[in-house]
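Below: one structure, written as structure tokens.
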Amino acid sequence: MLRGALLVDSIFTLSLAAASIGLVHTFLGPDHYLPFIMMSRAGNWSMRRTFLVTLICGIGHVGSSIVIGMVGILMGLALSSLVEFEGFRGNLAAWALIAFGLIYMVWGIRRGLKHKGHTHSHVDPKKTMTIWVLFTIFVLGPCEPLIPMLMYPAYEHNILGTIVVAIVFSLATITTMMAIVLYLSLGLKKIEFGFLERYTHAMAGGIILVSGLGIQFLGL
């Protein structure tokens, strides 16, 4: 009886930690929301599209770390090995974000120089491609604190606790991402850039590039 109560108390404490870490980790990582905010503004996305893209990328982001963590735990892999692998994934994702931002910025500059405004076509191959590229980058990107700080400590109690903690962290991370993206996107859509309007894609690429550089060189 006492052991069961202690187990519930431990999982509850870890769940609170998971919610807090998920919120802070997301808020302090501008790469979790700036790409969506800027691409939504540059691409003239509807709020529904912004919501869905952020949601899907958020699920891919946390889901990849959960899968890797669960496989590692069930196979009995050392925590250090998983941390090292997650570090490799993080490095890869940062460089991918840098490359994507740079290419997108250059494309946006060329587009702006040609004086082309927003396109409102329902079938836009460029728009679809950039969304899938962004999704791939977020799947590559790890949730660094999830496995060592939450999943492995929870597994010391039982596998159910590990699943609960992972779900709480995921909900906190995705909810924070979406709240920030939707709130700031609504505000940014009201801002007119005047003659710079045609360079919004370039600005979006520049912000994404800076986000990637911040992750890679400043550890954001």
Could you check the stretch 132-184 and list, in sequence order, the residues that are of a type in the set (D, E, K, R) and either at pLDDT 90 or above or closer than 24 Å to Leu34 by Cα (or both)?
Glu144
Residue ID - modelled with the lowest pLDDT, chosen from residues in the stretch 3-23 that are under 20 Å from Cys143 (Cα atoms) and exposed (fewer than 14 other Cβ atoms within 10 Å of the Cβ)
Thr13
Across the stretch 32-57, what is the total count of residues that are buried (at least 22 other Cβ atoms within 10 Å of the Cβ) and farther than 24 Å from Glu197 by Cβ?
2
Suppose the filter is part of a helix (DSSP H, G or I), at pLDDT below 95 and more than 20 Å from Ala202 (Cβ to Cβ); does Met129 pass it?
no
Could you tell me how many of the residues in the stretch 140-162 are part of a helix (DSSP H, G or I) and surrounded by fewer than 16 Cβ atoms within 10 Å (Cβ to Cβ)?
3
Against the definition (touching a residue at least 60 places away in the same chain (Cβ under 8 Å), under 23 Å from His32 (Cα atoms) and buried (at least 19 other Cβ atoms within 10 Å of the Cβ)), how does Leu97 come out, yes or no?
yes
With criteria (1) surrounded by fewer than 14 Cβ atoms within 10 Å (Cβ to Cβ); (2) among the polar types (S, T, N, Q); (3) under 13 Å from the mean Cα position of the chain (by Cα), Ser65 comes up short on (1)
Cross-chain or 6+ apart pairs with Cβ under 7 Å, the stretch 103-121 first and within 21 Å of Ser46 (Cβ to Cβ), then of a type in the set (A, V, I, L, M, F, W, C) and at pLDDT 55 or above:
Tyr104/Ala204; Tyr104/Ile208; Gly108/Ala202; Gly108/Ala204
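This table checks each residue for (1) touching a helix residue (DSSP H, G or I) at 6+ places or on another chain (Cβ under 9 Å); (2) of a type in the set (Ser, Thr, Tyr); (3) more than 29 Å from Ala99 (Cβ to Cβ).
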{"residue": "Thr130", "(1), (2), (3)": "yes, yes, no"}
{"residue": "Leu140", "(1), (2), (3)": "yes, no, no"}
{"residue": "Cys143", "(1), (2), (3)": "yes, no, no"}
{"residue": "Leu160", "(1), (2), (3)": "yes, no, yes"}
{"residue": "Ala166", "(1), (2), (3)": "yes, no, yes"}
{"residue": "Leu171", "(1), (2), (3)": "yes, no, yes"}
{"residue": "Ala179", "(1), (2), (3)": "no, no, no"}
{"residue": "Leu186", "(1), (2), (3)": "yes, no, yes"}
{"residue": "Leu196", "(1), (2), (3)": "yes, no, no"}
Residues within the stretch 49-73 that are free of Cβ contacts under 8 Å to residues at least 40 places away in the same chain and of a type in the set (A, V, I, L, M, F, W, C), tallied:
3
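The values are calculated or read from the model by the stated rules, or taken from the named source; none is laboratory data. The structure displayed is predicted, hence computed values, not measured ones. Cβ sites come from the backbone with ideal geometry, for glycine too, and all protein chains shown count toward neighbours.
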